[in-house]
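> Handing you a structure now.
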Amino acid sequence: MESLLVKESPLLLPLNKEKTVYDGFITVQERDFRIRILLPPDHQLKLAKDLSCCFVFSQRLHHSPDLVSFVLELKTVLEVALKCRPECRSIPPPQYYSQLIIEMEDLGWDKLVSIDTEFRTLRLRAEDSSGRQHIVTVKLKPKHPVEAPWCSADLPVPLAMTWTPQSSLGHVHTQFLLLLESLAEFWAVLDEIDEKTWVLEPEKPSRADTMRRIAIANNVSIKVEVDTQHPKMLPECCLLGAEHVVTPLRNKLNANMHLWNPDCSILQNLRDVLEIEFPSPATHEKSSFSAECGICYAYRLESAIPDQVCNDPRCGQPFHQACLYEWLRGLPSSRQSFNIVFGECPYCSKPITVKMSTQKP
């Protein structure tokens, strides 16, 4: 029986010669659970004075005929509990906490932003060479540092960390800093756009966003997608607005594309290629570019802003794509061809088209 117990739970060991006191861990679904058992001299489990572990179990466990049967039944109950409550976690051994303190002392406590009550999830701060503040979230595994932690951050690229059993939080922080420096030029390009133009989308850009929709004029804008690896190269551009305004800009973009200078910023190149000056916070109010949708009378619909415009120069009314699509689809006079709906402008009755909406209104 003793050999079977060692086989089933090698980390649950007797603490005295009489083998009436057991302390240690049982492993279920790759998680270790602390358990302590104090048996009477006759080893009758149902008369045990002390039975403590990570969960509160039903009294039926006390009716197990022997210790091995009890451990097997306990494992079964734990396995069921874990399936029903995946959020349940085992308590790490003391070495886990001492290792964590050592690693934080080596890294520096000033790098710690927060830590949860279970001492599993840490948020560490890092500052790149341009003074930008960044946060990396580190979720430690119960067998840290043998198991690699899960890391996440507000980045436009995947956060891939190399890890060995000898690695520490310092290694995470160092790799994070190296990745930040590789993105410094990318963020510098976007910071200039955010500072010197009116960005319509995203409303509150994060460090992970690679797109900016920049206001050019009322109901006219350009959407640029910046490459993280080559941030100063010609980005993917999409001009939005009425065709009679957008067409001349599109023609300039195509005709002057050869003038693009990778040594200059994207913003300066866009000025030169489009032959325009972008409205800026120093020269214009943002409300000048925040025209409401002509159907729902709101500027922002969830995360979307009006990006469809009536092409008639005398109208130029903007609409959300979702609103215009639903409006035209409900008219008996409109028609649909593949994913495009053809109909009339709700304001001037001139022909207007819209692609099938991919967002719910």
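The values are calculated or read from the model by the stated rules, or taken from the named source; none is laboratory data. Every value quoted in this text rests on a predicted model; they were computed, and no experiment measured them. Every residue, glycine among them, receives a Cβ derived from its backbone with ideal geometry; neighbour counts consider all protein chains shown. Side chains are part of the model used for accessible areas, which takes the heavy atoms of the whole protein and leaves out ligands, DNA and RNA. Shrake-Rupley method; radii C 1.70, N 1.55, O 1.52, S 1.80 Å.
> Per DSSP H run of n ≥ 4, the term is -39500 (n - 2.57); total these for the chain, divide by its residue number, and report the mean residue ellipticity at 222 nm rounded to 500 deg cm²/dmol. Working shown, then result.
On the way: 8 runs with 97 residues, N = 361.
Per the formula, -8500 deg cm²/dmol.
> What is the Cα centroid distance between region 311-347 and region 144-198, reported in whole angstrom?
Spelled out, the Cα-based centre of one part sits 44 Å from the other.
> Let me ask you something else. How do the peptides 309-317, 196-204, 279-287 rank, highest first, by the average count of neighbouring beta carbon atoms within 10 Å per residue? Let's see the in-between values first.
Values: 309-317: 18.2, 196-204: 16.4, 279-287: 11.8.
My ranking of the peptides, most packed first, is 309-317, 196-204, 279-287.
> Calculate, for Glu292 and Ala148, the FRET efficiency according to 1/(1 + (r/R0)^6) with r their C-beta to C-beta distance and R0 41 Å; round to the nearest 0.05. Can you show the working numbers first?
Working: r = 50 Å, r/R0 = 1.21.
The computed FRET efficiency comes out at 0.25.
> A further question on this structure: Beyond 19 Å between alpha-carbons counts as too far, so tell me which of Lys7/Lys75; Lys223/Lys252; Lys204/Lys232 fall in that bin.
Lys204/Lys232
> Which of rounded, prolate, oblate describes region 189-297, given a ≥ b ≥ c as roots of the alpha-carbon gyration tensor eigenvalues and a/c under 1.5 marking rounded, otherwise prolate only if a/b is larger than b/c?
Cα axes put region 189-297 in the oblate bin.
> Hey, another quick one. Ignoring ligands, DNA and RNA, please state the percent of accessible area on region 133-194 from carbon and sulfur, probe 1.4 Å.
The value for region 133-194 is 60 percent carbon and sulfur by accessible area.
> What number comes out for accessible area per residue over the chain if the probe is 1.4 Å? Units Å², please.
I get 56 Å² per residue for the chain.
> Treat the chain as a sphere of radius equal to its Kirkwood radius over Cα pairs and apply Stokes-Einstein at 37 °C in a medium of 0.692 mPa s; give the translational diffusion coefficient in µm²/s, rounded to a whole number.
Rounded to a whole number, D works out at 125 µm²/s.
> Residue by residue through region 169-175, what is 3J(HN,Hα) from phi via Karplus (6.51 cos²θ - 1.76 cosθ + 1.60, θ = phi - 60°)? Round to whole Hz and write x for glycine and proline.
With the stated coefficients, region 169-175 comes to 4, x, 5, 4, 5, 5, 5 Hz.
> Please state the Cα pair-distance histogram of region 151-210 with 5 angstrom bins from zero: what percent is in each bin?
Taking every Cα pair in region 151-210, the percentages come to 4, 15, 25, 19, 14, 10, 7, 4, 2, 1.
> Take the solvent-accessible surface of the protein heavy atoms, probe 1.4 Å, and return the percent of it on region 214-361 that carbon and sulfur atoms account for.
Carbon and sulfur: 50 percent of the exposed surface of region 214-361.
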